[in-house]
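Below is one structure, written out as structure tokens; comments come after it.
The values are calculated or read from the model by the stated rules, or taken from the named source; none is laboratory data. Everything quoted here is computed from the prediction, not taken from an experiment. Quick reminder, even Gly has a Cβ in these numbers, built from the backbone with ideal geometry, and neighbours come from all protein chains shown. Accessible surface is based on the protein model in full, side chains and every heavy atom, while ligands, DNA and RNA are left aside. Shrake-Rupley method; radii C 1.70, N 1.55, O 1.52, S 1.80 Å.
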Amino acid sequence: MKPLFHRRGAVGLALILILLSACSFDALLPPIPTGYVIPTVTLTPTARPSATPGTTPTEMDIAGAGTALPPARAPINTQNLRSLAPFARQGKGLPLCLALSPDGKSIAVGSTRGISLFDGESLKETLFIKTNFSQQALAFAADGTMLASAGADGFISLWSLPDGTLQRRLKTDFYSYTVVLQFSPDGSRLISSDAQRVTRIWSVTDGSQSGAIVENARIIRRLSFSDQENRLFSWAPKEPVKIWNLDTGSKVRDIFVGQDELGRDTINGDFSDDGAYFAANSGLRVRIFRTKTGTTRQLLRLTETARYVLLSPDGSELLVIFANQMALYRVESRDAPLIWDLPAGGLPADTKISFSADGRGLWFISDAPKYFDLGSGAVKQSGTPDFAPDYVLSEVFTDPVETARERVFLNGSLQTLDAAGRIVKSSVLTGEAINAAALAPDGETIALTGRGMGLTLWSPGGERLARLDDDFYTSLSFSETGLLAAARPDGRINIWDVKKSDILYSLNNADSLQQVMFSSDGSRLAARTTGQVSLWSLAEQKVVATFDGCAMCFSPDGSRLAVLSSLMSGQFITVYESASGKKLQQINHTTGQNVAFSSDNNLLVTAGDFIRFYSLSDASLIQQIPAGGLLGKVRFVDEDRLLAISANDGSVLFWGIP
């Protein structure tokens, strides 16, 4: 494990790796400027006319790390394809929100796949609630016996704890998902604010809506109650803190927390748990207000722009996140803050963070829940990495060794599976943001690239073998002959001799490249820009042919290249001869994001909003399966006994013949 934060000051302890890839604190840290927000992934089926043949999608169980997948009994082929069934979904998708129980004994994480509850001491998962829609917001009742969750389907669900029984569902608006939830101190009311700037007041007892506040100019990002049950504080970016009378729905007063003396608006902020204090961040100024009087408690003048701020539960400490550091200030103290260095590129964008209930630590969730002790400056607890750390599609690899293992790479985390699909190891390779990854054919070298890490080579055990370049690349591909193709954003492809760490030659494309792929023998290289695929001869270092297309794949023997057309060129798959670029076959097709050959060269599969299988013998559509959400990279693995497909939320789907 490599250190992520380095504490500055008298005594510093290294904080072991806790974060992966790039990210948004939206829904946990105070809201961030629009330029920093990454949109939420909502996995819902895309409506399409039924096609024949077809099948009804089967909801997959979530398989956690160490969970065995049912073994496939036969290779997937044209004869048994209709029996194809889902085995499991590896990973719980992208973490979207985090909530702590008032006593600090439970941690709830909402993701694109459901809700996970963890024990606050052991970090063991105590409950997983599978949902059909992404969970956008969470809130615990004050007594910890109920959890509210807001789904992307427009419903708010109330769950009893600890068993996770659904008590009732509150209907809001499908087209305006809830952004923030807050229970009243006595647990009798639930407050929700949505993307249509409507704040609703719900009766927890019967689920009825008892009132609504519509006088919001912007989307509410923070809610808190005062010591009076009927007084609600709300805040939205560039707006004052507003105090509402919930009995009448009328506004009591505004507390101006807007522009600072530099003329900058408040971009994010946070309440203390009791609503007594509010920290307003305008970049170079952080002002802490007393909400009852509207007076200033403390003003911090900063020399570097603060991106996010977070108040401790009792309001005695303030966490400030900068681009490359995070600092902990004691409120109303002249002591110097504790400062930790962040990794290159800052905190991962999809990392969620919250103070612990006692204010002595920080809870993080990126790929796994982790507890950072503020006293020692170290991670004291770490859970199982079942979550994808960002929106980058997962890479799915085949490891062609005698034990027929498959490896699934989830950005900075490499999972090793045995032939039965069981995860036997999960290794964190890097905490830097990942743009692209590739696995060498012998399974012994992994190439990773990102803005903060350049182009580096790693062993499966997590040892960094070499740094080939300081620049980052958009796509990587290994050949069986020991070459590595790396595509730069400017269109140049560098071909590296991996053993010597030397560039053999460079190939130039006119446009920025999105994907490169070697043929199995390394004699041909396919390079894809937006809407065009170029087929290169490496021996001649020239383009053999160009095709219109948005996805591509070589056949296992390297003799053919399948190109998935772009919509503007018509909807079809064209199979070309790799040596000459001659068209061999054209298959009528609709849409998809990726394409792959089976190892016996008899099947083509595409993945998008549907999984479609085509016979290469007669170009017919054999099977079509609604995917229930957009899918990405697709691979036949274990000699066609499993089909692995990466979803847009970072999880990986496994299909096979029962």
Practice task
Mind checking the per residue accessible area of the stretch 127-200 for me, 1.4 Å probe, whole number of Å²?
Solution key: 38 Å²
Exercise for the section: Would you work out the charge dipole size for the stretch 442-592 about its Cα centre, treating the Cβ of every Lys and Arg as +1 and the Cβ of every Asp and Glu as -1, and quote it to the nearest 20 debye? Expected result: 300 debye
Exercise for the section: Determine the dipole magnitude for the stretch 540-658: charges of +1 sit on the beta-carbon of Lys and Arg, -1 on that of Asp and Glu, nothing else is charged, the reference point is the Cα centre, and the result goes in debye to the nearest 20. Expected result: 200 debye
Exercise for the section: Could I have the simple spin-label model distance between ASP186 and THR205, label points 7 Å from Cα toward Cβ, reported in nm to one decimal? Expected result: 1.0 nm
Exercise for the section: Quick one: order SER477, SER250 from most to least accessible surface, probe 1.4 Å. Expected result: SER250, SER477
Completion exercise
Taking r as the C-beta separation of LYS582 and ASP557 and R0 as 22 Å, the FRET efficiency to the nearest 0.05 is 0.85
Practice task
Would you kindly find the accessible area of ASP557, with a 1.4 Å probe and non-protein molecules such as ligands, DNA and RNA excluded, rounding to the nearest 10 Å²?
Solution key: 80 Å²
Problem - Potential lengthening between THR165 and GLU444 on full extension [0.36 nm per residue; Cα-Cα distance subtracted] - result: 95.8 nm
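Calculated FRET efficiency, ALA619 and GLU215, Cβ-Cβ r, R0 41 Å, to nearest 0.05?
Details: r = 60 Å, r/R0 = 1.48.
For ALA619 and GLU215, the calculated efficiency is 0.10.
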Fill in the blank from the handout: Measure of exposure for LEU457: accessible area at 1.4 Å probe, Å² rounded to 10, is 10 Å²
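If you take the square roots of the eigenvalues of the alpha-carbon gyration tensor of the stretch 444-591 and sort them as a ≥ b ≥ c, do you get rounded (a/c under 1.5), prolate (a/b over b/c) or oblate?
Numbers: a/c = 1.96, a/b = 1.73, b/c = 1.13.
Cα axes put the stretch 444-591 in the prolate bin.
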Exercise for the section: With a probe of 1.4 Å, find how much accessible area the stretch 449-534 has per residue, and write the answer as a whole number in Å². Expected result: 41 Å²
Handout entry: Extension gain (nm, one decimal) between THR293 and SER316, 0.36 nm per residue minus Cα-Cα
Key = 6.5 nm
Exercise for the section: Taking all pairs of distinct Cα atoms, average 1/r, flip it, and tell me the Kirkwood hydrodynamic radius of the stretch 514-583 in Å to one decimal place. Expected result: 11.7 Å
Completion exercise
the stretch 477-521 scanned against label point 7 Å out from GLN541 along Cα→C-beta; backbone N under 11 Å for 495, 504-508
Fill in the blank from the handout: Of ARG467, ARG231, ordered by accessible area with the largest first and a 1.4 Å probe, the sequence is ARG467, ARG231
Problem - Largest-first ellipsoid semi-axes for the stretch 186-276, taking √(5λ) over the Cα gyration tensor eigenvalues, angstrom - result: 24, 14, 11
Completion exercise
Of every hundred units of 1.4 Å-probe accessible area on the stretch 512-595, the number belonging to carbon and sulfur atoms, as a percent, is 48 percent
Problem - Cα-only Debye scattering, the stretch 120-219: base-10 log of I(q)/I(0) at q = 0.23 Å⁻¹ - result: -1.26
Exercise for the section: With all distinct Cα pairs included, what does the Kirkwood hydrodynamic radius of the stretch 513-658 come out to in Å, to one decimal, could you say? Expected result: 15.3 Å
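Express in nm, to one decimal, how much length is gained between ARG492 and ASN602 on full extension, taking 0.36 nm for each residue of separation and deducting their alpha carbon distance.
Taking 0.36 nm per residue and subtracting the Cα distance, the gain is 36.2 nm.
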